[in-house]
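Contents: one structure, followed by commentary.
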Amino acid sequence: MNAYKFFLEFHSGFRYIVMVLVLLAILVAFASLLGKKPYTNGNRKLNLFAMISAHTQLLIGLVLYFLSPFVKFEGGVMRDPNARYWTVEHLAMMIFAIVLITIGHSKSKKASLPSEKHRVIALFYLLALVTVVVAIIQSHRPFFGMSH
């Protein structure tokens with residue numbers, strides 16, 4: 001197994017950890033918001049681990065980016081839809097999603113009311129999750145065993 005194949009499999013598999021943690025953070029935030037529950041240390045840790053996993057996925061993805069045969073640094077990338085997707089679109093959407101998660105986490109730390117902390121996490125993490133799902137669907141690859 002070469003380095004590209006290793007990082008491709010690692011990146012592909014690690015996405016499930018990221019998706020589960022982000023989805024769990026969203027569900028807990030909505031449940032806590034609707035149930036008017038306090039913002040606990042457990043909430044803080046879940047949100048932090050979700051953010052850390054997303055950042056880790058970004059780092060794995062950046063290594064993969066530079067090892068990938070799809071990434072072409074000479075001309076013609078924008079004319080090839082597959083190369084354009086992997087070189088520009090996927091990367092941009094994933095970075096945008098991680099920025100949303102990071103902003104949400106930061107804003108939740110600064111909020112004083114528990115309801116505001118839960119609301120910010122629910123909103124920003126949900127927007128990030130939607131961005132990730134759209135980016136993966138656009139890749140024309142199976143997602144969670146489903147094809148479109």
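Excluding the site residues themselves, the longest part of the chain lacking any chymotrypsin sites (Phe, Trp or Tyr not before Pro) in a DSSP loop with at most 12 other Cβ atoms within 10 Å is 1-72. By the helix-only formula, in which each DSSP H run with n ≥ 4 contributes -39500 (n - 2.57) and the sum is divided by residues, the chain has a 222 nm mean residue ellipticity of -25500 deg cm²/dmol. Modelled this way, with points 7 Å down the Cα-to-C-beta line, the labels at Arg79 and Leu67 are 3.0 nm from one another. So which trypsin sites (Lys or Arg not before Pro) in segment 63-122 end up in coil per DSSP with only 16 or fewer other C-beta atoms within 10 Å? Those satisfying the criteria are Lys72. For segment 86-95, 3J(HN,Hα) computed residue by residue from phi via the Karplus equation (6.51, -1.76, 1.60; θ = phi - 60°) reads 6, 7, 10, 5, 4, 4, 4, 5, 5, 5 Hz, glycine and proline entered as x. Working note: Karplus 6.51/-1.76/1.60 with θ = phi - 60° gives segment 106-122 the couplings 5, 5, 5, 5, 7, 5, 9, 8, x, 5, 5, 4, 5, 5, 5, 4, 4 Hz, where Gly and Pro are set to x. Comparing Ser115, Ile52, Val20 along the charge dipole axis of the chain, the residue lying farthest to the positive side is Ser115, per the Cβ-charge model. In percent, rounded to a whole number, the relative contact order of segment 3-138 is 33, using alpha-carbon pairs under 8 Å and six or more apart. For segment 3-138, the number of Lys pairs separated by eight or more positions or lying on different chains, with C-alpha atoms closer than 14 Å, is 6. This model, with +1 at the C-beta of Lys and Arg and -1 at the C-beta of Asp and Glu, gives the chain a dipole about its Cα centre of some 580 debye.
Rule-based calculations on the coordinates, nothing more; no lab input. From a predicted model like this one, the values you see are computed outputs, not experimental measurements. Positions of Cβ are backbone-derived with ideal geometry, glycine not excepted, and every protein chain shown enters the neighbour counts.
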